[in-house]
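Chemist: Let me give you the structure first, and then I'll get to my questions.
The values are calculated or read from the model by the stated rules, or taken from the named source; none is laboratory data. Here the structure is a predicted model, which means the values were calculated and not measured. We place every Cβ from the backbone using ideal geometry, glycine too, and count neighbours over all the protein chains shown. Remember, those area values only see protein heavy atoms, side chains included, never the ligands or the DNA or RNA. Shrake-Rupley method; radii C 1.70, N 1.55, O 1.52, S 1.80 Å.
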Amino acid sequence: MTVPTLPPVTLDRRDGPYGEVVLRRRGERLEIIANGCFLMDTSDGRSERLLIDAARDALPAGRQAPAVLVGGLGVGFSLAHAAADERWGRIVVVEREEAVIDWHRTGPLGEISRAARADPRTVILHTDLVEYVRTTTDRYDALCLDIDNGPEWTVTEDNGNLYSPAGLAACRARLKTGGVLAVWSANPSPAFGEALRNAGFTGVRAEEIRVARGVPDVVHLAVRTA
């Protein structure tokens, strides 16, 4: 017997400088859709948790209170998981969609991120990640980036700049020596691994997260060693 798929219910729809962003409810699950492209939902969160843990575990042993930059607030799983780990120091989240921040502060996603947002280590910045890594002088021990469905499947064309040689150089400049870049992707990308090596990163590898159907999700990892 086939269980019918519940139709989505639109909770909010916004038009902004990057296009349309929509929050939907499908049964008990909340979904974020950007420009008609499914981004993420609240059904699991394993990928988001691995993104944070893999970056932390790749740091040099003994590093105290490492600072982490989380690129993309999304449904809040990455932020919540980072804040639940007392080993992290400063936790900075960059989110360009005002609607997404609103859905956490006053909307239905707030339940996921409430404790993390109240944590004194946490700061949420309303700005574009690509612009932020290019212009800020702040440096981090880990960059955990999840703003697209992968380096080869971006939400908007401008996001492709993040995975370009100039974008990867900017990410590398934001890392302290020994710092880790972690990038989530819905598909493995050998070409992106090569781009990371060409950008001067070492220890380039990918960790897979098995999913119910199709190819596994992937976290690409790379280290700034100098």
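Chemist: Whose amide H sits under 5 Å from the amide H of I124, counting only residues 5 or more places off or on another chain, with H placed in the peptide plane?
Modeler: Distant-sequence amide H within range of I124: V93.
Chemist: Can you compute 3J(HN,Hα) from phi for each residue in region 35-49, using the Karplus curve 6.51 cos²θ - 1.76 cosθ + 1.60 with θ = phi - 60°, rounded to whole Hz and x for Gly and Pro?
Modeler: 6, x, 9, 5, 9, 6, 9, 9, 6, 9, x, 4, 4, 5, 5
Chemist: Let me ask another. Quote the relative contact order of the chain in percent (integer), defining contacts as alpha-carbon pairs under 8 Å separated by 6+ residues.
Modeler: 16
Chemist: Which of the GluC sites (Glu not before Pro) found in region 1-88 are in a DSSP loop and have at most 14 neighbouring Cβ atoms, other than their own, within 10 Å?
Modeler: E28, E86
Chemist: In Å³ and rounded to a whole number, note down the convex hull volume per residue for the Cα atoms of the chain.
Modeler: 122
Chemist: Scan the chain and hand back the longest stretch that contains none of the trypsin sites (Lys or Arg not before Pro) lying in DSSP loops with at most 16 other Cβ atoms within 10 Å.
Modeler: Value returned for the longest uninterrupted segment is 140-209.
Chemist: Which value, in nm² and rounded to one decimal, describes the direction-averaged projected area of the C-alpha convex hull of region 1-99?
Modeler: Mean projected area of the Cα convex hull: 8.3 nm².
Chemist: I've got another one for you. For the chain, give the share of DSSP beta bridges that are antiparallel, in percent and rounded to the nearest 5; count only bridges with both residues there. All intermediate terms of the calculation are to be shown ahead of the outcome.
Modeler: On the way: 29 of 47 bridges.
Looking only at bridges with both residues in the chain, the antiparallel portion is about 60 percent.
Chemist: Tell me, what HN-Hα J-couplings in whole Hz come from the Karplus equation 6.51 cos²θ - 1.76 cosθ + 1.60 at θ = phi - 60° for each residue of region 91-101, using x for Gly and Pro?
Modeler: Listing the rounded values in order: 10, 10, 10, 10, 9, 8, 8, 4, 4, 5, 4 Hz.
Chemist: Taking only DSSP H segments of four or more residues, each worth -39500 (n - 2.57), what value at 222 nm results for the chain once the sum is divided by all its residues, to the nearest 500 deg cm²/dmol?
Modeler: On the way: 7 runs with 62 residues, N = 226.
After summing the helix terms and dividing by the residues of the chain, the value is -7500 deg cm²/dmol.
Chemist: Let me check the size of region 153-206 from its C-alpha atoms; what are the radius of gyration and Dmax in Å?
Modeler: Rg then Dmax for region 153-206, in Å: 11.0, 31.
Chemist: Considering only protein heavy atoms and a 1.4 Å probe, what is the carbon-and-sulfur percentage of the accessible area of the chain?
Modeler: That share works out to 50 percent.
Chemist: How much accessible area per residue does the chain have, counting only protein heavy atoms and a probe of 1.4 Å, in square angstrom?
Modeler: Each residue of the chain exposes 48 Å² on average to a 1.4 Å probe.
Chemist: Collect residues whose amide H, placed 1.01 Å from N in the peptide plane, falls under 5 Å from the amide H of G107; neighbours closer than 5 in sequence don't count.
Modeler: none
Chemist: Tabulate in residue order the Karplus-calculated ³J(HN,Hα) for region 134-150, using 6.51 cos²θ - 1.76 cosθ + 1.60 with θ = phi - 60°, rounded to whole Hz; enter x for Gly and Pro.
Modeler: Calculated HN-Hα couplings, in order: 7, 10, 6, 9, 5, 10, 10, 7, 8, 10, 10, 10, 8, 10, 9, 7, x Hz.
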